[in-house]
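Asker: The structure is given below, and queries will be raised subsequently.
The values are calculated or read from the model by the stated rules, or taken from the named source; none is laboratory data. Nothing here was measured: the structure is a model prediction, and the numbers come from that model. FYI the Cβ positions are ideal-geometry reconstructions off the backbone, even for glycines, and counts take in every protein chain you see.
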Amino acid sequence: MAKAEGSAKTLTELDLRAAFAQKKNKVMDAVSGVVKTGTAPKTMGSYKYVEEREIVKQIRKALSKNALSISVSATGFVGDPIGRTVGKYNVTYYVYNIAFEITLTDCETGFFETCHWIGQGDDPGDKAINKACTGAVKYFLLKNFLLPTGDDSEAFETPGGAPPPENNGKPKPDFPKPGEPFEKRGQQSPQQQHNLPPYEHKNSPDIMTALADHFRQQDTANYVFNEDKFKAEVWQRYGQWPTSAEGAKKIRSEIMHLDVADEK
């Protein structure tokens, strides 16, 4: 319980929560969106992305103006750090999943709200934990203040947000479900079939080549990238070839290396 200064009225928790929510809404009103200023390497599709510094730069002023402060605390690892060796130079990357508590506080009333968040980072050196922290703060701010970036996790690459065409009228190959062995349904492997449609958009060959390089760099001592399996996986999931950086980004985020690799 708290008393409003200069008044005998006692503020209830609901009063404090309402005032806190109003301040958060003012922050959202003040920041209309975030511009994508970062560009990924060419081998990853050269897609545009939002940098953490741009989000912080946009939202810091709005938080301060509305007397809201933010604090971030790492509370521990989620599972054990994972080491994986990738690429022809056998570079070992260390992957950390870290739990965070991120607290927003109303500087005028002391009311606060704590959210639990997860960040993941990987690096061959000493930057993995830093990357996990950066990612956690970045997506906390994006999602809690509903900051638009132009992304849509449900979209692929069709113009105007239209649903993907049904393979231009062609029947979709009857591939097994993800993770289901081809042999289980008596089917031939993608290597044996070679019946996938050709690329129809001028961007598709370069994007697929860059994506193949991306997955190939994740090869380990036990699993090796299979390009035929990769192409089959893309066609099975989306029914079309990627034609833009957004499509490449979606593929990287949804298809795992183990989905398109063979065990040695």
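Asker: Collect the residues in region 23-48 that are more than 20 Å from Thr114 (Cα to Cα) and either among the charged types (D, E, K, R) or surrounded by 16 or more Cβ atoms within 10 Å (Cβ to Cβ) (or both), keeping them in residue-number order.
Answerer: Within region 23-48, Asp29, Val31, Val34, Lys36, Ala40, Lys42, Met44, Gly45, Tyr47, Lys48 qualify.
Asker: Report, ordered by the first and then the second residue, all pairs with beta carbons closer than 8 Å, sequence separation of six or more or different chains, a first member in region 120-139 that is outside the structural domain of Ile102 (by TED's automatic domain parsing), and a second member that is acidic (Asp, Glu) and in a strand (DSSP E or B).
Answerer: So the pair list comes out empty.
Asker: Also, I was wondering about something else. Look through Pro165, Pro198, Pro242, Pro205 and report the one residue that is loosely packed, with under 14 Cβ neighbours inside 10 Å, modelled with pLDDT of 75 or more and in a loop (DSSP other than H, G, I, E, B).
Answerer: Pro198
Asker: Does region 208-220 contain at least one residue that is out of contact with any His (no Cβ under 7 Å at 6 or more places or on another chain), modelled with pLDDT of 85 or more and surrounded by fewer than 11 Cβ atoms within 10 Å (Cβ to Cβ)?
Answerer: No.
To keep it simple, each residue is scored yes or no on (1) in contact with a Phe, Trp or Tyr (Cβ under 6 Å, 6 or more places away or on another chain); (2) more than 22 Å from Asn130 (Cβ to Cβ); (3) at pLDDT 85 or above; (4) of a type outside the set (Phe, Trp, Tyr).
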{"residue": "Lys3", "(1), (2), (3), (4)": "no, yes, no, yes"}
{"residue": "Ala21", "(1), (2), (3), (4)": "no, yes, yes, yes"}
{"residue": "Ala30", "(1), (2), (3), (4)": "no, yes, yes, yes"}
{"residue": "Ile55", "(1), (2), (3), (4)": "no, no, yes, yes"}
{"residue": "Arg84", "(1), (2), (3), (4)": "yes, no, no, yes"}
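Asker: If Tyr89 satisfies every condition in (1) of a type in the set (Phe, Trp, Tyr); (2) modelled with pLDDT of 80 or more; (3) surrounded by fewer than 17 Cβ atoms within 10 Å (Cβ to Cβ) but one, which is the exception?
Answerer: (2)
Asker: For region 98-122, enumerate the residues that are of a type outside the set (Phe, Trp, Tyr), in a strand (DSSP E or B) and crowded, with 16+ Cβ neighbours inside 10 Å.
Answerer: Ile98, Ala99, Ile102, Leu104, Thr105, Asp106, Gly119, Gly121, Asp122
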